[in-house]
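Trainee: I'd like to ask you about the structure that follows.
The values are calculated or read from the model by the stated rules, or taken from the named source; none is laboratory data. Just so you know, these numbers come straight off a predicted model, no measurement behind them. No Cβ is skipped: glycine too gets one built from the backbone with ideal geometry, and neighbour counts run over all protein chains shown.
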Amino acid sequence: MVSYSARASHDPRFDLSDDEVDRIFRALADATRRDIIRRILSEDATVSQLAEPYDMSFAAVQKHIAVLEGAGLVTKHPSGRERIVRGNPEMLRRAQALLGRYEQIWRGRIDRLDALLAEDEPRESH
């Protein structure tokens, strides 16, 4: 199993395992789940409130929430007969940090390519 360190200077709080990375990005690959995340990051909501705007069954929305919960992106807390869904910004920060690391790698490649191209430019003689 590979562990993804999201920071160049190692900080174990940002490490993600292969399984965690797979669960996070699989969860975020669906538009409904991304919308649920967007909504609960601004305000906690019950499962019923989250299900309201979607043209799908309550059970289908519950399954979407279960995928998000399995990825660590949301948590559910009982409140009487309801379940309150809350976003987990820490897990989103970890995913964002991983993507930031990939961006640094890519930018490094572009910088090296720019340097190689600059070396190959014909020099004007005066």
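Trainee: Being in contact with a Ser or Thr (Cβ under 7 Å, 6 or more places away or on another chain), outside any strand (DSSP E or B) and either of a type in the set (A, V, I, L, M, F, W, C) or under 16 Å from GLU43 (Cα atoms) (or both), is that true of even one residue in segment 67-74?
Mentor: no
Trainee: Condition (residue is more than 25 Å from the chain's Cα centre (by Cα) and among the polar types (S, T, N, Q)) applied to segment 58-74: is it met by at least one residue? Walk me through how you get there before you give the answer.
Mentor: The first filter runs over segment 58-74 and keeps only residues more than 25 Å from the chain's Cα centre (by Cα), leaving none.
No, segment 58-74 contains no residue that is more than 25 Å from the chain's Cα centre (by Cα) and among the polar types (S, T, N, Q).
Trainee: Looking at segment 53-106 only, could you name the residues that are in contact with a Phe, Trp or Tyr (Cβ under 9 Å, 6 or more places away or on another chain), modelled with pLDDT of 95 or more and not small (Gly, Ala, Ser)? Steps first, please.
Mentor: Step one: filter segment 53-106 for residues in contact with a Phe, Trp or Tyr (Cβ under 9 Å, 6 or more places away or on another chain), giving 60-61, 64, 71, 93-95, 97-98, 101.
Those still in the list that are modelled with pLDDT of 95 or more too: 60-61, 64, 71.
If the condition is that a residue be in contact with a Phe, Trp or Tyr (Cβ under 9 Å, 6 or more places away or on another chain), modelled with pLDDT of 95 or more and not small (Gly, Ala, Ser), then VAL61, HIS64 are the ones that fit.
Trainee: Regarding ARG107, is this residue farther than 17 Å from LEU16 by Cα, among the basic types (Lys, Arg) and part of a strand (DSSP E or B)?
Mentor: Judged against the criteria, ARG107 is not a match.
Trainee: Mind telling me which of the residues ARG112, ARG86 ends up being surrounded by fewer than 16 Cβ atoms within 10 Å (Cβ to Cβ), in contact with a His (Cβ under 7 Å, 6 or more places away or on another chain) and not polar (S, T, N, Q)?
Mentor: Checking each option against the conditions leaves just ARG86.
Trainee: While we're looking at this one, here's another question. For a quick check of your reading of the model, give me the residue pairs whose first member lies in segment 94-105 and is under 15 Å from LEU28 (Cβ atoms), whose second is loosely packed, with under 15 Cβ neighbours inside 10 Å, with beta-carbon atoms closer than 8 Å and at least 6 apart or on different chains.
Mentor: The qualifying pairs are ARG94/ARG13; ALA95/PHE25.
Trainee: May I pose another question? Looking at (1) outside any loop (DSSP other than H, G, I, E, B); (2) of a type outside the set (Ser, Thr, Tyr); (3) exposed (fewer than 14 other Cβ atoms within 10 Å of the Cβ), find the lone condition where ILE37 falls short.
Mentor: Status for ILE37: all satisfied but (3).
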